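Everything on this sheet refers to the single structure shown next.
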Amino acid sequence: MARIWKRRAVKDACRLAWHRITAADIDRIRQELTARYEVATVNRALAALRRVLRFAWREGSLPYETYLRLSDVEPVRGEALPRGRALQPAELEALYGACAQDVKPSGRRDGLVIGLLHASGLRAAEAAGLQLEDVVNANLGELLVTGKGGFGACASLGAAAPLLGAWLAIRGDDPGPLLLQVRATGKIAPAGLCPRALFQVVRKRALEAGLRRTTAHDLRRTYATELLRAGNDHLLVARALRHHDVRSLRSYDRRPAEEIAAAQRAAIHVPASARSGGRNP
């Protein structure tokens, strides 16, 4: 954004005189961002610009009326193409199976990683941040999860709860991260996994299962799609995903158009006169 404004490379955007930006500059930034990036990315950049302007006003370098005028920039409308996918039951079977076939400790740990991302719908950062003390009930697979913004909630592995018990049986009860590193020798190290390591776990096991490109967040999309497909309302699913805004759920729904059309045919009643084209039978 700073590069677009100044039309050159900027070493430190924090040192720019943002209070000198004009409405014409902001319009140009908005247009160039729209031409280069997706809708969500552009709107995040514009939101950051509004926060910068607000900071300039609060420190006294920008008059209030000027701040109001400059910050009144419309967000970009539109909807980005959906990314990622939801896995099919056979693909999930193969993914879990790839972990089960690995008899080393890494197989049990990776099985739990897949379970946390799919059966509990955790973000990779949430799963990586779990501590042993966050396990509320190992038999039921209940965990305390801290999500974005420090939002805490209780998550459950459900039918995948045995994966937690299998990992704990070899991990031990030493305090620390729930998901630990496993060396090539099979020895468990006391260091925890970072979110990037979880991405690599999913990528590795997906390749072993013979799946096409599959990411850690695809498992979270699968979790949301399965809950929606089961007939749960959007508010419940949004709470299960630990979303503050139910509108965020739309990008997680990966039910195909054929399924939507089938639901429409089953639920929408059309009078016989309409089905006959308006002609009397």
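No lab work stands behind these numbers, since they all come straight from the coordinates. All values derive from a computational prediction rather than experimental measurement. Using ideal geometry, Cβ is built from the backbone for each residue, glycine included, and neighbour counts are taken over all protein chains shown.
A few comments on the model shown:
- Each residue in segment 102-131 was checked for being in contact (Cβ under 8 Å) with a residue 40 or more places away in the chain, over 23 Å from residue 240 (Cα atoms) and in a loop (DSSP other than H, G, I, E, B), and 1 of them qualify.
- Of the residues making up segment 1-19, those that are within 19 Å of residue 70 (Cα to Cα) and surrounded by 11 or more Cβ atoms within 10 Å (Cβ to Cβ) number 10.
- Within segment 88-124, considering residues that are surrounded by fewer than 23 Cβ atoms within 10 Å (Cβ to Cβ) and aliphatic (A, V, I, L, M), the one nearest to residue 51 (Cα to Cα): 92
- Per-region count, segment 7-36, residues more than 14 Å from residue 49 (Cβ to Cβ) and not aliphatic (A, V, I, L, M): 6
- Residue count, segment 167-177 (criterion: assigned to a helix (DSSP H, G or I) and surrounded by 17 or more Cβ atoms within 10 Å (Cβ to Cβ)): 2
- Leading residue by the ranking (nearest to the chain's Cα centre (by Cα)) among those in segment 26-68 that are of a type in the set (S, T, N, Q) and within 19 Å of residue 3 (Cα to Cα): 41
- Selection over segment 180-208 of residues that are in a loop (DSSP other than H, G, I, E, B), within 24 Å of the chain's Cα centre (by Cα) and more than 18 Å from residue 168 (Cα to Cα) gives a count of 1.
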